[in-house]
Amino acid sequence: MKKGAIIPLVIFAVLVAFLAIGLGLKPREVPSPFIDKAVPEFSLPKLMQEGQTISPADLKGQVWMLNVFASWCVSCRAEHEVLSRFIRTEKVPVLGLNYKDEPSDAKKWLAALGNPYQHIAVDYDGKAGIDLGVYGVPETFVVDKKGIIRHKVTGPVYEETVRDTLLPLILKLREEQG
Amino acid sequence: MRALLLSCLCTVLLLGAVNAQAEADALTFKTAESEADYNALINELRCLVCQNQNLAGSDADLAKDLRAQVYDMVESGQSRSDVVDYMVTRYGDFVLYRPAFKLKTVLLWLGPVVFLLLALWFVIRWVRKQPAKPVETLNETQRETVRDLLDKHK
């Protein structure tokens with residue numbers, strides 16, 4: 001065999017390796033620039049208690065989650081049961097951010113499916129969503145005792161997400177000093 | 001018939017163009033500069049919902065909101081880099097169609113140049129390695145044949 005004949009084979013192998021890696025990537029999951037940053041401040045009206053407002057500062061000192069949801073969002077309905085069960089069993093305080101939704105629709109949705117949230121903030125025009133870099137509802141942020149975002153799930157939370165990521169992380173963060 | 005069809009098509013295209021223009025005209029800008037900034041920005045910022053479209057081309061809800069945000073920022077006198085920073089802090093570098101030049105993106109920026117230089121080097125080496133072929137010339141009888149053939153087709 002000629003000495004140079006191996007070169008195309010090597011190039012081909014490298015190409016295949018790159019393409020194989022590319023197949024495994026998830027282009028939908030854009031790395032969030034918010035990891036290890038403080039939750040952006042906002043003060044929004046509560047969905048259930050008219051006249052009151054809620055802000056992330058109200059939850060400081062505990063490990064909590066922020067879940068972006070909307071009644072028009074199909075995947076939110078899909079994750080609802082899994083998420084609710086997790087919230088109930090682990091007693092995680094969750095701030096629901098009702099994103100670009102009609103409050104009346106959201107209330108109906110929660111009445112039908114159950115309300116796992118400790119607080120619900122109404123983000124009617126989606127401004128808080130922009131500040132949180134929301135681009136695909138549902139999104140779930142895990143926040144530590146200091147108010148720092150430690151993890152973000154884009155898209156629905158599955159059983160596997162809870163088992164492999166959320167639960168271990170929440171338990172770990174609870175051990176940390178506030 | 002064909003003329004009719006063609007004129008129909010032209011009308012449709014024209015209407016479309018007018019329509020697009022009307023949409024673009026819905027925004028009014030204080031200065032021509034801010035309009036230019038706005039147009040440049042929505043063309044180079046990516047819509048994260050439909051990832052292969054920019055904000056200008058996307059009809060997604062988020063793209064509309066972000067266009068409105070860009071408009072507000074530009075109109076309130078903020079510079080292009082202010083708007084880009086605003087988007088990057090929220091959506092990360094991915095939002096930029098023209099990524100910043102930094103350590104993480106060196107390969108992205110210089111990769112093509114490196115590959116081009118490598119290819120050039122290979123081609124040059126390959127060309128130089130070719131043995132020089134002797135230039136073939138025709139002998140007298142061959143010339144005669146060619147002349148005859150050319151004359152025949154005059």
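The values are calculated or read from the model by the stated rules, or taken from the named source; none is laboratory data. Bear in mind that the values here come from a model prediction, so they are computed numbers and not experimental data. Ideal geometry is used to build each Cβ from the backbone, glycine not excepted, and the neighbour counts take in all protein chains shown.
Might you check whether a residue that is within 14 Å of another protein chain (Cβ to nearest Cβ), more than 30 Å from A:ALA38 (Cα to Cα), under 19 Å from the mean Cα position of the chain (by Cα) and without any contact (Cβ under 8 Å) to a residue 24 or more places away in the chain occurs anywhere in region B:31-45? If you could, list the steps in order and put the result at the bottom.
Step one: filter region B:31-45 for residues within 14 Å of another protein chain (Cβ to nearest Cβ), giving B:45.
Checking which are more than 30 Å from A:ALA38 (Cα to Cα) leaves us with none.
For region B:31-45, residues within 14 Å of another protein chain (Cβ to nearest Cβ), more than 30 Å from A:ALA38 (Cα to Cα), under 19 Å from the mean Cα position of the chain (by Cα) and without any contact (Cβ under 8 Å) to a residue 24 or more places away in the chain: absent.
Has region A:55-76 got at least one residue that is more than 30 Å from B:THR89 (Cα to Cα) and hydrophobic (A, V, I, L, M, F, W, C)? Write out each step before concluding.
Taking region A:55-76 as the starting set, the residues that turn out to be more than 30 Å from B:THR89 (Cα to Cα) are none.
Taking every residue of region A:55-76 in turn, none turns out to be more than 30 Å from B:THR89 (Cα to Cα) and hydrophobic (A, V, I, L, M, F, W, C).
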Matching residues, region B:89-107, being within 14 Å of another protein chain (Cβ to nearest Cβ), in a helix (DSSP H, G or I) and among the aliphatic types (A, V, I, L, M): B:VAL95, B:LEU107
Failed criterion for B:VAL83 (all others in (1) within 30 Å of A:LYS127 (Cα to Cα); (2) modelled with pLDDT under 90; (3) β-branched (Val, Ile, Thr) hold): (2)
Contacts under 8 angstrom Cβ, first residue in region B:63-80 being more than 11 Å from every other protein chain (Cβ to nearest Cβ) and more than 20 Å from B:CYS50 (Cβ to Cβ), partner assigned to a helix (DSSP H, G or I) and acidic (Asp, Glu), 6 or more apart: B:MET73/B:ASP82; B:VAL74/B:ASP37; B:SER79/B:ASP37; B:ARG80/B:ASP37
Options A:LYS60, A:LYS91, A:LYS100: the member that is away from chain B (no Cβ under 13 Å) and at positive phi: A:LYS91
Some residue of region B:115-128 being within 14 Å of chain A (Cβ to nearest Cβ), surrounded by 10 or more Cβ atoms within 10 Å (Cβ to Cβ), in contact with an Asp or Glu (Cβ under 9 Å, 6 or more places away or on another chain) and part of a helix (DSSP H, G or I): no
Subset tally (residues that are surrounded by 16 or more Cβ atoms within 10 Å (Cβ to Cβ), modelled with pLDDT of 90 or more and either assigned to a strand (DSSP E or B) or within 12 Å of chain B (Cβ to nearest Cβ) (or both)) for region A:23-45: 2
Top-ranked residue of region A:129-158 - restricted to ones that are within 11 Å of chain B (Cβ to nearest Cβ) and aliphatic (A, V, I, L, M), ranked as farthest from A:PHE42 (Cα to Cα): A:VAL137
Qualifying residue in region B:61-79 (condition: under 22 Å from the mean Cα position of the chain (by Cα), modelled with pLDDT under 90 and charged (D, E, K, R)): no
Test: residue in region A:131-145 that is touching a residue at least 12 places away in the same chain (Cβ under 8 Å) and more than 15 Å from the chain's Cα centre (by Cα): yes
